[in-house]
Amino acid sequence: MSLHACLYCRVSTEEQSREGFSILAQRDRLMAFCRAQSWDVAGIYVDDGHSGAKLDRPALSRLRQDAKTDLFQLVLVWKVDRLSRKVAHLAALVDEFDRAHVAFRSVTEPFDTSHAAGRAFMQMLGVFAELERENIRERSALGIRKRVEQGFVHGRPTMLGYRFVEKGKLEVDPASAAVVRWIFGQYLAGVGTLRIAQHLINGVSGLQTEVVYREFRHVSAHSVRDRISWILKNPIYAGYAAIGDDLYAGRHEAIIDLTTWQQAQAQIQSRQNIPNRAHASRYLLTGRIICGQCGARMFGYRQPNRSPEARHIRPYYEYYCCRSNSGFQGRNWTCDNWGVKREHAEEVVLGALRGLAVEGIPGRAAPSLPEDPFTADLSRRRQELQASLGQAERRQRNLFRAIEEAPDLDAAVLSRVRELAEEQKRLALELAVVEKALRNGGPGLSRPEVERLLQDVPRILDAAGHDQIRELLRTFVRRVVVTPVERPSKGHSRLFPKEVTVEFYPL
Ligand SMILES: [Zn+2]
């Protein structure tokens with residue numbers, strides 16, 4: 001019987017881009033080596049994009065498991081550092097293989113762990129690999145720190161307010177520096193970062209429009225806000241070069257004077273303690289409200305009030321909008337039931353809930369609905385998944401039967417078994433996710449609990465906070481349906497009259 005070898009290949013993420021290290025190249029050379037030695041290949045284990053400094057690699061873990069069976073008698077690699085870059089790990093692995101009577105060989109390094117001399121030589125190679133790695137890391141970290149201590153800036157190649165002249169050297173760019181000063185000024189005047197972001201997106205008078213346009217248009221307010229927070233915290237603007245928490249006097253000119261910068265840091269600290277509720281949670285009906293025309297869910301949406309006289313009274317107009325409206329989904333979606341005012345919809349729902357509590361009047365049954373196109377997609381996906389899962393299981397059974405009849409396992413069969421198992425796992429996982437999304441919520445309360453809660457409804461509606469009211473809605477309201485009452489004529493407002501119907505869970 002010829003020797004059974006298994007092949008182990010690995011590249012790290014950095015190595016993936018370098019030539020000569022590719023998985024395919026490693027594998028082909030290992031296969032050729034096995035052919036030359038007339039060895040059988042019992043398995044190929046591939047860790048693509050995993051560092052050699054860690055032991056926790058999927059293919060390596062499988063290999064270590066399989067080494068305990070009689071699948072192979074030899075582990076073959078292209079170079080020792082493919083298996084591990086740490087001497088301690090290397091020693092432990094070789095020891096583990098040894099106990100399972102599995103040898104370890106490198107194609108390019110002349111030794112064999114079936115001899116003591118080979119083991120010693122291998123450990124030496126491992127030591128060199130580890131040392132070299134440490135050196136590279138230290139050299140580059142030291143180099144960066146040294147440059148920062150000398151006042152050069154390390155990091156981002158683009159920084160609002162500065163131009164990079166050459167590596168690490170900054171020059172103030174007057175037009176965009178004005179934007180940075182304006183941001184600090186606004187923030188210290190008490191304006192929130194999201195509001196500052198919105199101002200920038202909408203355009204600010206007095207700032208060079210070209211800069212603002214280039215930097216902030218076509219970007220979402222939330223990503224602009226993240227960028228503003230980053231700018232506000234960055235010591236580079238106060239003239240520092242920074243590494244970690246250490247600051248050094250920079251070689252570049254400051255844009256913000258030190259006092260202003262320190263005030264901003266103090267503000268950031270104190271404002272972090274104020275809870276900043278995301279506006280999404282303000283919409284009570286999210287997840288329950290449905291378009292009566294196409295069956296899609298509706299989502300909370302707000303538009304800034306553009307009227308300068310009314311803006312300070314009501315900064316936003318708020319709506320629930322149909323998800324399949326063409327205004328949001330592009331041309332393929334044609335529902336013209338654009339939306340309904342948030343206030344109106346919520347008033348109707350809270351009123352109905354109050355009625356339910358006081359007089360026990362159940363909400364009217366909602367009109368029969370077309371199936372939600374998004375849910376329909378999910379149901380279709382569920383069917384597909386169930387079908388493919390059944391197919392994968394049948395294939396696996398057939399494969400097992402074939403193996404029983406001809407028990408000569410070759411590498412191809414083994415990897416096929418593994419592939420099928422992985423495919424099944426993936427399908428089952430997605431199926432679980434889809435089923436969870438399709439499942440409908442419900443009150444999940446016992447009868448007495450429901451009655452007690454119902455008695456409490458008026459008190460909660462009058463006095464409780466937003467979150468409690470939301471919770472209450474989730475408990476009782478199955479769905480809220482928004483149906484157009486009159487068909488819109490052409491050029492008519494998108495907010496033509498709607499009827500809002502509330503459907504409660506059966507009590
Ligand atoms: Zn719709």
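Which of the residue pairs LYS146/LYS233; LYS86/LYS169; LYS54/LYS425; LYS169/LYS233; LYS86/LYS233 have a Cα-Cα distance greater than 32 Å in the structure shown? Walk me through the numbers before you get to the answer.
On the way: LYS146/LYS233 23 Å; LYS86/LYS169 38 Å; LYS54/LYS425 25 Å; LYS169/LYS233 20 Å; LYS86/LYS233 39 Å.
Where the Cα-Cα span goes over 32 Å, the pairs concerned are LYS86/LYS169; LYS86/LYS233.
Let me check I've understood the local charge: for PRO315, count other residues with C-beta under 12 angstrom from its C-beta, Lys and Arg +1, Asp and Glu -1. What total comes out?
+4
What FRET efficiency, computed as 1/(1 + (r/R0)^6) with R0 = 56 Å and r the Cβ-Cβ distance, is obtained for ASP98 and ALA310, rounded to the nearest 0.05?
Values: r = 80 Å, r/R0 = 1.44.
Given R0 = 56 Å and the Cβ-Cβ separation, E is 0.10.
Is the shape of the range 162-271 best called rounded, prolate or oblate, per the rule: a/c under 1.5 gives rounded, else a/b larger than b/c gives prolate, else oblate, with a ≥ b ≥ c the square roots of the Cα gyration tensor eigenvalues? Numbers along the way, then the final one.
Details: a/c = 1.84, a/b = 1.24, b/c = 1.48.
Verdict is oblate for the range 162-271.
So if each residue of separation counts as 0.36 nm, and I subtract the Cα-Cα distance between TYR317 and PHE496, what length gain in nm does that give? It would help to have the intermediate numbers written out before the result.
Details: separation 179, 0.36 × 179 = 64.44 nm, distance 1.58 nm.
Answer, rounded to one decimal: 62.9 nm.
For PHE504, list long-range residues whose amide hydrogen, built 1.01 Å from N in the peptide plane, is under 5 Å from its own amide hydrogen.
Answer set, sorted by chain and number: GLY363, ARG478.
Would you mind computing, in nm to one decimal, how far apart the modelled labels at ARG418 and ARG354 are, each placed 7 Å from Cα along Cα→Cβ?
My value for the distance between the label points is 6.6 nm.
Please give the contour-minus-distance gain from VAL172 to GLN386: 0.36 nm per residue of separation, less the Cα-Cα distance, rounded to one decimal in nm. Walk me through the intermediate numbers first.
Values: separation 214, 0.36 × 214 = 77.04 nm, distance 6.08 nm.
So the chain would gain 71.0 nm between VAL172 and GLN386.
Please go through the range 1-110 and write out the GluC sites (Glu not before Pro) that DSSP classes as loop and that have at most 16 other C-beta atoms within 10 Å. Intermediate values should be presented prior to the final figure.
Values: sites: GLU14, GLU15, GLU19, GLU96; in loops: GLU19.
Those satisfying the criteria are GLU19.
What's the extension gain from GLN263 to THR108 if we count 0.36 nm per residue and subtract their Cα-Cα distance? Spell out each step's value before the answer.
Values: separation 155, 0.36 × 155 = 55.80 nm, distance 6.12 nm.
Result: 49.7 nm gained on full extension.
Order LYS68, LYS169 by their accessible area, 1.4 angstrom probe, all chains in place, largest first.
On the way: LYS68 140, LYS169 85 Å².
Sorted descending by solvent-accessible area, the residues read LYS68, LYS169.
The values are calculated or read from the model by the stated rules, or taken from the named source; none is laboratory data. Since the structure is predicted, the reported quantities are computational estimates derived from the model, not experimental observations. Glycine also receives a Cβ, built like all others from the backbone with ideal geometry; neighbour counts cover every protein chain displayed. In case anyone asks, the SASA skips ligands and DNA or RNA and just uses the protein heavy atoms, side chains included. Shrake-Rupley method; radii C 1.70, N 1.55, O 1.52, S 1.80 Å.
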